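Engineer: Encoded as C-alpha cells, here's the structure I'll be asking about.
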Amino acid sequence: MRAVVCHRYGGPEVARIEHVAEPSLGDGEVLVRVVASSVNRTDCGVRKAKPWFARLFYGLRGPRQPILGSEFAGVVEQVGTGASRFAVGDRVFGFGDEGMGGHAELLARHEEGMIAPIPDELSFEQAAVATEGAHYAGTTLRATGVGPGSDVLVYGASGGIGSAAVQLALHLGARVVAVCGTDAVERVAALGPDRVVDYQREDFAAIGERFDLVFDAVGKTSFRTCRPLLRDDGDFAVTDFGPRYQNPFLVLPTRFLPGPRVRFPLPRNGPESMAFVVDALGGRYRPLVDRTYELDDIVEAYRYVETERKVGNVVLRVAPAPDDGADGAAGELGGG
Ligand SMILES: NC(=O)c1ccc[n+]([C@@H]2O[C@H](COP(=O)([O-])OP(=O)(O)OC[C@H]3O[C@@H](n4cnc5c(N)ncnc54)[C@H](OP(=O)(O)O)[C@@H]3O)[C@@H](O)[C@H]2O)c1
C-alpha cells in the first residue's frame, strides 16, 4: 500500500511516499481503507520531535511508528477475530496519537478505541478532521466543568483546537467570546459565538468582562495577560507550554493560592472522548476545513500547517471517496 513514511525526525522533507506492507489485523481490530486523514500540529510535533521529550514516547532516534496521521476517515475493509462492532463497508472515522497510521491507504484499529460510524450528513473529508481539535478542546471543557450558564473566552478561536472549542462550548450551553486575528474574523463569526474580538484591533484583555474559563487554545497568550478577564474562581486553561514554557509551572501554585487557577488538562484517548465528539456532531459542531491536500503533496501540507496560521483544519486526501453518495450530499456543510 502507499503511505507517507517518516524514518527520521526533521523538517517537512523527511516525509516520503513509499510502498509498504499492509498492516496485519490483530484480535478485536478492524482494517480501514482510508479515504482522508488530516495534517495537524500533533503530526508536526511527532515528525520533528518537538518538544524534545516527545522522543521518550515516540522513539529515541526516529519515530517508532513511521507512518504518522492521528486522524482518519474511511471504510471498513476487513473485520478481525473477536471484533463485532463494525461490518465490512461501514463508514468509520476516529483518532489515535499513539498508533498514528492515518497517512496510509490501510489502517488497523482496535474497535474499542477512538473509532465510530461517520454520521450520515458528514463527508469523509469532514469526518477526517472532526476528532483531533474536538478531542483536545473537549478534554479542557469537560475538565473545567463548562456547562449551561458558563462564560467562556476562547483565545486562538481560529485554530484547529480553538474552532472546535468555540462550537463545543456553545454545544454545552455556554456563552462564548471568541478571540482571533483580523483575517479569521468572518470565519470564526460563522461558528456562532456570542461575540468575536479581533485581537489585532482591540486589546482583548481589556474588554471589561469576566469569565469562568479563559481557554488559550494556541499557547500564545499568558495567565498574566488574561488575569483581568477571570473570575476569582475561574480557570485559565491551556493546551501548550506557553511562550516561555511557563504554563506547567503555574498549575501547582495556582491550585493552592486564592484566585483563578491555571489548568493543563491532559487528553485521555478513549471511547468516552469519541462519544463526546459524536454527540457534538449530532448537535451544532462542524469541523472547520481550511485546505485540502493530496497524499502526494504531504510536504506542502506540512509546510502550510507549520506556518501556524491555518484556520481550522487541513485535510489530507488519501484515496478517492467510494461512490456512496454521502460525500456529495455532505459537501456543503462546515468547511471554509
Ligand atoms: N496538549 C496537547 O496534547 C496538544 C495536542 C495538539 C496540539 N497542541 C498545541 O495546541 C496548540 C494549538 O493547536 P492547533 O492545532 O489548534 O493550532 P493551529 O490550528 O495551528 O492554530 C492556528 C491559529 O493560531 C493562531 N495564532 C498563530 N499565532 C498567533 C499569535 N501570536 N497570537 C494569537 N493567535 C495566533 C492563528 O490565528 P489568528 O490568525 O486568528 O491569530 C491561527 O489561525 C499548539 O500550540 C499545539 O502545539 C497541544
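Engineer: Could you figure out which of (1) more than 16 Å from the ligand (Cβ to nearest atom); (2) over 27 Å from Ala36 (Cα atoms); (3) of a type outside the set (A, V, I, L, M, F, W, C) isn't true of Pro119?
Structural biologist: Pro119 satisfies all of (1) more than 16 Å from the ligand (Cβ to nearest atom); (2) over 27 Å from Ala36 (Cα atoms); (3) of a type outside the set (A, V, I, L, M, F, W, C) except (2).
Engineer: Counting only residues that are in a loop (DSSP other than H, G, I, E, B), at pLDDT below 95 and in contact with a helix residue (DSSP H, G or I) (Cβ under 7 Å, 6 or more places away or on another chain), how many does the stretch 304-336 have?
Structural biologist: 5
Engineer: In the stretch 235-279, which residues are hydroxyl-bearing (Ser, Thr, Tyr) and either in a strand (DSSP E or B) or surrounded by fewer than 19 Cβ atoms within 10 Å (Cβ to Cβ) (or both)? Reasoning before the result, please.
Structural biologist: Quick first cut of the stretch 235-279, residues hydroxyl-bearing (Ser, Thr, Tyr) only: 239, 245, 254, 273.
Matches in the stretch 235-279: Tyr245, Thr254.
Engineer: Under 6 Å between Cβ atoms, at least 6 apart or on separate chains: pull out the pairs that start in the stretch 69-97 with a residue that is within 19 Å of Gly28 (Cβ to Cβ) and end on any residue that is of a type in the set (S, T, N, Q) and in a loop (DSSP other than H, G, I, E, B).
Structural biologist: Qualifying pairs under 6 Å: Phe95/Ser70; Phe95/Thr131.
Engineer: Out of (1) at pLDDT below 95; (2) aliphatic (A, V, I, L, M); (3) more than 16 Å from the ligand (Cβ to nearest atom), the odd one out for Ala54 is which?
Structural biologist: Ala54 satisfies all of (1) at pLDDT below 95; (2) aliphatic (A, V, I, L, M); (3) more than 16 Å from the ligand (Cβ to nearest atom) except (3).
Engineer: Only one residue in Leu191, Leu170 is within 13 Å of the ligand (Cβ to nearest atom), assigned by TED's automatic domain parsing to the domain that holds Arg227, at pLDDT 95 or above and not acidic (Asp, Glu). Which one? I'd like the intermediate steps shown before the answer.
Structural biologist: Values: Leu170 fails: within 13 Å of the ligand (Cβ to nearest atom).
Just a single option satisfies the conditions, and that option is Leu191.
Engineer: Filtering the stretch 25-47 down to residues that are at pLDDT 95 or above and hydroxyl-bearing (Ser, Thr, Tyr), which residue is nearest to the ligand (Cβ to nearest atom)?
Structural biologist: Ser38
The values are calculated or read from the model by the stated rules, or taken from the named source; none is laboratory data. Since we're looking at a predicted model, the values are computed, not measured. Backbone-built Cβ (ideal geometry, glycine too); neighbour counts: all protein chains shown.
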